[in-house]
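Quick notes on the structure that follows.
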Amino acid sequence: MKNKLPASIDETLALLGGADYIADRAIATVVFLALKMGRPLFLEGEAGVGKTEIAKVLAEGLGKRLIRLQCYEGLDISSAVYEWNYSRQMIAIRMAEAEGTKTSELEEHIYDEAFLIKRPLLQALEGDGPVLLIDELDRTDEAFEAYLLELLSEYQVSIPELGTVKAKQPPVVIITSNRTREVHDALKRRCLYHWVGYPSAARELEIVMARQPGVSERLAREVVAFVQALRQSDLFKHPGVAETLDWISALHELDALSLDPKTVNDTLGVLLKYQDDIAKMEGSEAKRMLDQIKSELAALG
Amino acid sequence: MSEATGKLAENIMHFARVLRQAGVPVGPGTVLDALDAVSAETLRNRDDFYWTLHCVMVKSHAHSILFDQAFHVFWRKPKMLEQLMQMFFQQVAMSGNQEKAKQAGYRRLANAMFDQAHQSSMREVDTGAIEVEARYTASQREVLRAKDFEQMSAGEEAAARQAIAKMRLNRLELPTRRFQTSKGRGVIDMRATLAASMRSGGAVIDLKYKKPCRREPPLVVLLDISGSMASYSRMLLHFLHALMNERDRVQVFVFGTRLTNITRQLARRDVDEALASVSSAVEDWSGGTRIGACLAEFNLKWSRRVLGQNAHVLLMSDGLERDDDGVLELEMARLKRSTRRLVWLNPLLRYDGFEAKASGVRKIMAHVDEFRPVHNLASLDELASALAGSGKAAHNRQYQPQKWLRQKA
């Protein structure tokens, strides 16, 4: 299945929506422009707001292959771009020795593409422009960022032994960062930037209903209102959309039809991941918050 | 291109200038990108236009607010433009007169950081600086080294600042996960081995090695600028400026009643310029202290952004906390958990009779890896070499917090 690139923002919105990604217009605009202008898209935001998901959904919606590069400290060329298959090369050298091949031929032979192990970034330059997800770029170091500069502006990689590999059709590049360190301006400058924030209550409800179709609307409303209230409170780490979805599926598994203080207390660990935050919310505070949102929801009807 | 588009291009260019004036870095390349984006776009409504410009022109979350304000002012009321332009020209004219601006900045700095009396005496000393240095004997240097910052005269302070600028810091390097070629033993580097082997004809395979690169860990400094620290904090700022010149990945925050990140301001090369821009960025010089609240703000907003990759933290404070609730203890514990090494620098600790009366002192002490007095040049020198220490425990037993707490118990 191969889909054409969306021709307008509305089509982009529909494309994302088709894969159950309920985006706001701001995200749709940025995605549309990134596709249209062929620019990398740099997404920053708190953990669990759906940054990585955009790449997955885009790949699915466009019918393209998704290539993912998870960044980590010490990520180097041999695990991100390419590596030579040393054991095969050694065997080839031994064989050549046995056959008596000339050295010059041998060198050409063992640096053939057949001996090349392609890693994500090189894979992304092949084929018909797959979706390349460079996930959590802030986890790697500045040296790797600098390496990306050439790749992202020219869509090419130089391999000293082989020459330059250039993409026939550039990949759709999505870069995400959790901001555990500032990414250098030079890299950001080459990208379209978007800060992915927490969704509004209405949109979060839509997301929950799209992703967890089985749950009752009443439960979904209460869960969303509770999570939204948590994000207003003074916590070390606010729950993201991913946590909302986890929570609602947990509640669904427990056959809860509505929120009550005991269930909230028992399942708070799904939403909050820091002990201090849990200690702060447990017991009376959760009950107070729950009562408040219930009365608000009742007032709305 | 139609007439209307031409007008739009011009307006976008003007808008970029507005943003630049407001402090959002927007270069000509970005303007071209914006034009490209706008023409690629099927402009349907104002919101689309907003987000189109936003994703091209804003490269940092912090600039979103500036962009938002500028956008609404610029694109809503066409007549505002003229007024705004007039404002820019005034600003441009003002900044054009560099000499004057510098003086003004300097005076602000002087008012904020030094009292008037010091300022006048400092000038006199400055003119004779060369003479002073020529007569500088070893013993005088010794005296200066041991003298408390608080008791220094203006002249001595100037000399101390020069000494700080000349200070050389030892390097502490930790192994990273990246590799470099190694002459001796290490891990076998297959790529280099094969390349070398091919160069020599492929007959012999000579093993090549690689070893992990070593690099300085990031350093985060939290400097207390409250009234009780006033005489030390200005010296420490000079020290931090020297430190930033020596090392990369240093982040500096100052706090009194609120927390301010002054890394960008302090990164200017000239020390006076750097301190001038720091003083205009910080609003709570020599006020009260809310250590707990400021640490809470740091932990919440910054710790996840700057404490990655084995960062070391220097906390420079006298630990005299006003608000006495559980916040300080809680936040110190959290800070300790998220850093590799936490060093507390406290000028008051030089007094042997210094008692842990202030509850804040005891609470901080319980959560640091190491503490040091910083009150004179000698102790700063010592600190500079301590920063290159093993990073595991205090070298010198006298700086171990557990021992200190036991003594004072």
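If you check B:205, B:225, B:188 for being open to solvent by less than 50 Å² (accessible area, probe 1.4 Å) and β-branched (Val, Ile, Thr), only one passes: B:225.
Which count do you get for residues in the range A:14-35 that are within 11 Å of another protein chain (Cβ to nearest Cβ) and of a type in the set (A, V, I, L, M, F, W, C)?
Residues of the range A:14-35 within 11 Å of another protein chain (Cβ to nearest Cβ): A:24-35.
Those still in the list that are of a type in the set (A, V, I, L, M, F, W, C) too: A:26-28, A:30-35.
Residues flagged as within 11 Å of another protein chain (Cβ to nearest Cβ) and of a type in the set (A, V, I, L, M, F, W, C) within the range A:14-35 amount to 9.
Selection within the range A:44-100: residues that are closer than 30 Å to residue A:12 by Cβ and among the basic types (Lys, Arg). The member of this set that is nearest to the other protein chains (Cβ to nearest Cβ) is A:51.
Looking across A:264, A:227, A:223, one residue alone is crowded, with 16+ Cβ neighbours inside 10 Å and either assigned by TED's automatic domain parsing to the domain that holds residue A:179 or in contact with a Ser or Thr (Cβ under 6 Å, 6 or more places away or on another chain) (or both). It is A:227.
Within the range A:107-142, the set of residues being within 14 Å of chain B (Cβ to nearest Cβ), open to solvent by 60 Å² or more (accessible area, probe 1.4 Å) and in a helix (DSSP H, G or I) comprises A:107, A:108, A:109, A:139, A:142.
Across the range B:235-282, the qualifying residues are those that are among the β-branched types (Val, Ile, Thr) and in a helix (DSSP H, G or I), and the one among them that is farthest from the chain's Cα centre (by Cα) is B:271. Taken together, A:177, A:158 contain a single residue that is more than 9 Å from chain B (Cβ to nearest Cβ), under 26 Å from residue B:24 (Cα atoms) and not aromatic (Phe, Trp, Tyr), which is A:177. The range A:1-92 holds strands (runs of 3 or more DSSP E) entirely within its bounds, and those carrying 3 or more residues that are in contact (Cβ under 8 Å) with a residue 60 or more places away in the chain map to A:41-45, A:66-70.
Check whether at least one residue in the range B:271-291 is within 29 Å of residue A:139 (Cβ to Cβ) and more than 14 Å from chain A (Cβ to nearest Cβ), and report yes or no. I'd like the intermediate steps shown before the answer.
Kept after step one, since they are within 29 Å of residue A:139 (Cβ to Cβ), are these residues of the range B:271-291: none.
There is no residue in the range B:271-291 that is within 29 Å of residue A:139 (Cβ to Cβ) and more than 14 Å from chain A (Cβ to nearest Cβ).
The values are calculated or read from the model by the stated rules, or taken from the named source; none is laboratory data. What you see is a predicted model, and the numbers here were worked out from it, not measured in a lab. Note: ideal-geometry Cβ built from the backbone for every residue, glycine included; neighbour counts use all protein chains shown. Heads up: the accessible areas ignore ligands, DNA and RNA and are worked out on the full protein's heavy atoms, side chains in. Shrake-Rupley method; radii C 1.70, N 1.55, O 1.52, S 1.80 Å.
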